[in-house]
Ligand code: FES
């Protein structure tokens, strides 16, 4: 199987451009395998035969456990370690997430998500036992914010990750902490959520964010 895959890259001064790379294989490799294979070539040459540079991207576990490899593949935000090359179109396009600052190529800066978790006090002071098993599955991959029509890049709206974070934060036996989390949750999620539920549909961990919202609404 041969495909020409276009990758959105970063040139000097942050200018973005598309660069084609040849994929040859049986289609069973993941997108992460393909990116690693390009970077392992002794001489990196693009599909036009021109010399190129290693591609920057984030990836840690390659097992859908870290969320680092979120990117836009063929127009869909996905975890690259879960997408096989056979699923891509002949002329597929791989891009970085569009709602986060691009560091380089496919690598983005998700600091704003971590700041949001801090604002929400998403780590309980005195955890209840057992903790909510849905909320702890959040990978902080950013796909929920990428697809959310209510998230404006740079805003303090925390999206689906904020719902999971607040659910963790409110799993506390410390009433004052729970009250603080609820206050921040109302400000940084509830007030601006338009209930599109796009975060529920995209979440790679299938976290029932709508059910978590209902649970949070009952908390005092
Ligand atoms: S590399 Fe960890 S989720 Fe894809």
Please verify whether residue 31 is within 16 Å of the ligand (Cβ to nearest atom) and either surrounded by fewer than 13 Cβ atoms within 10 Å (Cβ to Cβ) or in contact (Cβ under 8 Å) with a residue 12 or more places away in the chain (or both), treating the condition exactly as stated. yes
Residue 81 meets each of (1) within 14 Å of the ligand (Cβ to nearest atom); (2) out of contact with any strand residue (DSSP E or B) (no Cβ under 6 Å at 6 or more places or on another chain); (3) part of a helix (DSSP H, G or I) with one exception, condition (2)
Apart from one, (1) more than 16 Å from the ligand (Cβ to nearest atom); (2) assigned to a loop (DSSP other than H, G, I, E, B); (3) in contact (Cβ under 8 Å) with a residue 12 or more places away in the chain all hold for residue 86; the odd one out is (2)
If we keep only residues of the range 47-72 that are within 12 Å of the chain's Cα centre (by Cα) and assigned to a strand (DSSP E or B), then the residue nearest to the ligand (Cβ to nearest atom) is 70
Residues of the range 103-123 being surrounded by 19 or more Cβ atoms within 10 Å (Cβ to Cβ) and touching a strand residue (DSSP E or B) at 6+ places or on another chain (Cβ under 8 Å), in sequence order, are 105, 106, 108
Among helices (runs of 4 or more DSSP H) entirely inside the range 147-220, those with 3 or more residues being out of contact with any helix residue (DSSP H, G or I) (no Cβ under 6 Å at 6 or more places or on another chain) and surrounded by fewer than 21 Cβ atoms within 10 Å (Cβ to Cβ) are 175-185, 209-218
Here the residues within the range 73-99 that are more than 24 Å from residue 206 (Cα to Cα), surrounded by 13 or more Cβ atoms within 10 Å (Cβ to Cβ) and over 18 Å from the mean Cα position of the chain (by Cα) are 92
- Query: Quick one: is residue 140 assigned by TED's automatic domain parsing to the domain that holds residue 213, at positive phi, surrounded by fewer than 23 Cβ atoms within 10 Å (Cβ to Cβ) and in contact (Cβ under 8 Å) with a residue 12 or more places away in the chain?
  - Reply: yes
Does the range 121-137 contain any residue that is assigned to a strand (DSSP E or B) and within 22 Å of residue 163 (Cβ to Cβ)? yes
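The values are calculated or read from the model by the stated rules, or taken from the named source; none is laboratory data. If you're wondering where the values come from, they're calculated on a predicted model, not measured in any experiment. Please note: Cβ atoms are built from the backbone with ideal geometry, for glycine as well, and neighbour counts cover all protein chains shown.
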